[in-house]
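Enquirer: Here it is: the structure, laid out below.
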Amino acid sequence: MKHHPRFDKSIDIEPLRGYEFAKFHDGNLDEAFEESFLHITFYSTTVFEASAKAIPTILWKHATSNAEIYVKDFDYPLGTVPTDQIVNFIDKHRKNDASYRNDCKKAHEWYKKVFSPLNEKLFLELFKAKKSEI
């Protein structure tokens, strides 16, 4: 687990330390992903970075979460997960490798579909086309 850059210690995270698969990481995000099998968020664009590395995201759905925006606006394929189903979701991925690999593939394919690096050549060609139309 990695704290959000604006984490202000106002939330007690001690209960999370009880899970054998959970540990805190103080390094950068790329290093954290090297040791991760799942990503969980209430609402963070880090869902894109996790998906780029084929790591499924639990979009935590609860009363104060905006996680559904990734499903509604970006068509995230794994949907949202209500609070009472998160442990089941994690257990399913820890115990069923085929299901986990399938969700890894879905997340990565989604990333490639909705997020791509800047194609400078195409951008310049489009810009030139617009300029010549003026």
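Enquirer: Using each residue's phi in segment 26-41, evaluate 6.51 cos²θ - 1.76 cosθ + 1.60 at θ = phi - 60° and report the 3J(HN,Hα) Karplus result to the nearest Hz, with x for Gly and Pro.
Expert: Listing the rounded values in order: 9, x, 7, 5, 4, 5, 4, 5, 5, 9, 9, 10, 9, 10, 10, 8 Hz.
Enquirer: Same structure again: Per-residue HN-Hα couplings for segment 72-88, Karplus 6.51 cos²θ - 1.76 cosθ + 1.60 at θ = phi - 60°, whole Hz, x for Gly and Pro?
Expert: Calculated HN-Hα couplings, in order: 5, 8, 10, 6, 4, x, 9, x, 9, 10, x, 3, 6, 10, 4, 4, 4 Hz.
Enquirer: Ignoring everything except DSSP H segments at least 4 long, calculate the 222 nm mean residue ellipticity for the chain; use -39,500 (n - 2.57) per segment, divide by total residues, nearest 500.
Expert: -13000 deg cm²/dmol
Enquirer: Also, quick follow-up: So what are the ³J(HN,Hα) numbers for segment 51-58, from phi and the Karplus equation (6.51, -1.76, 1.60; θ = phi - 60°), rounded to whole Hz, Gly and Pro as x?
Expert: Running phi through 6.51 cos²θ - 1.76 cosθ + 1.60 with θ = phi - 60° gives 5, 4, 9, 6, 10, x, 10, 8 Hz.
Enquirer: Under the rule of at least 5 residues apart or a separate chain, name every residue whose amide H is placed under 5 Å from the amide H of residue 2.
Expert: Under 5 Å from the amide H of residue 2: 25.
Enquirer: Moving to a separate point now. Beyond 23 Å between alpha-carbons counts as too far, so tell me which of 53/128; 23/112; 72/113; 72/95 fall in that bin.
Expert: 53/128; 23/112; 72/95
Enquirer: Find the centroid of the Cα atoms in segment 62-134 and in segment 1-55, then give the distance between the two in whole Å.
Expert: 17 Å
Enquirer: Taking only C-alpha pairs under 8 Å that are 6+ residues apart, what is the relative contact order of segment 32-134 in percent?
Expert: Here the relative contact order equals 25 percent.
Enquirer: What figure in square angstrom, to the nearest 10, would you give for the accessible area of residue 75 with a 1.4 Å probe?
Expert: In the full protein context, residue 75 sits at about 90 Å².
Enquirer: What's the longest uninterrupted piece of the chain once you rule out the chymotrypsin sites (Phe, Trp or Tyr not before Pro) that are loop residues per DSSP with at most 12 other Cβ within 10 Å?
Expert: Answer - 25-134.
Enquirer: Going by a ≥ b ≥ c, the root eigenvalues of the Cα gyration tensor, does segment 54-134 fall in the rounded group (a/c under 1.5), the prolate group (a/b larger than b/c) or the oblate group?
Expert: Judged from the Cα gyration tensor, segment 54-134 comes out oblate (a/c at least 1.5, b/c at or above a/b).
Enquirer: Let me ask something else about it. Hey, can you find the accessible area per residue of the chain for me, probe 1.4 Å, expressed in square angstrom?
Expert: Using a 1.4 Å probe on heavy atoms only, each residue of the chain averages 73 Å².
Enquirer: Within segment 23-60, what residues put their amide N at less than 16 Å from the label point 7 Å along the Cα-to-Cβ vector of residue 66?
Expert: Only 41-48, 59-60 fall inside the zone, counting backbone N under 16 Å.
Enquirer: In terms of modelled amide H atoms, which long-range or inter-chain residues lie less than 5 Å from the amide H of residue 62?
Expert: Those qualifying (amide H under 5 Å, at least 5 residues apart or on another chain) are 67.
Enquirer: Over segment 1-124, what percent of the accessible surface lies on carbon and sulfur atoms, probe 1.4 Å?
Expert: Heavy-atom surface of segment 1-124 belonging to carbon and sulfur, 1.4 Å probe: 53 percent.
Enquirer: Identify, among 59, 19, 32, the residue whose Cα sits farthest towards the positive end of the charge dipole of segment 1-92, taking +1 on the Cβ of Lys and Arg and -1 on the Cβ of Asp and Glu, with the dipole about the Cα centre.
Expert: Of the options given, the answer is 59.
Enquirer: Sticking with this one: Once label points are set 7 Å from the Cα along Cα→Cβ at both residue 45 and residue 14, what is their separation, rounded to one decimal in nm?
Expert: Between residue 45 and residue 14, the label points sit 3.6 nm apart.
Enquirer: Would you pull out the residues with amide H under 5 Å of residue 40's amide H, same chain only if 5 or more places away, H placed 1.01 Å from N?
Expert: The list, which skips near neighbours in sequence, is 58.
The values are calculated or read from the model by the stated rules, or taken from the named source; none is laboratory data. What you see is a predicted model, and the numbers here were worked out from it, not measured in a lab. All Cβ positions, glycine included, derive from the backbone under ideal geometry; neighbour counts span all protein chains shown. Surface areas here come from the heavy atoms of the whole protein model, side chains and all, with no ligands, DNA or RNA. Shrake-Rupley method; radii C 1.70, N 1.55, O 1.52, S 1.80 Å.
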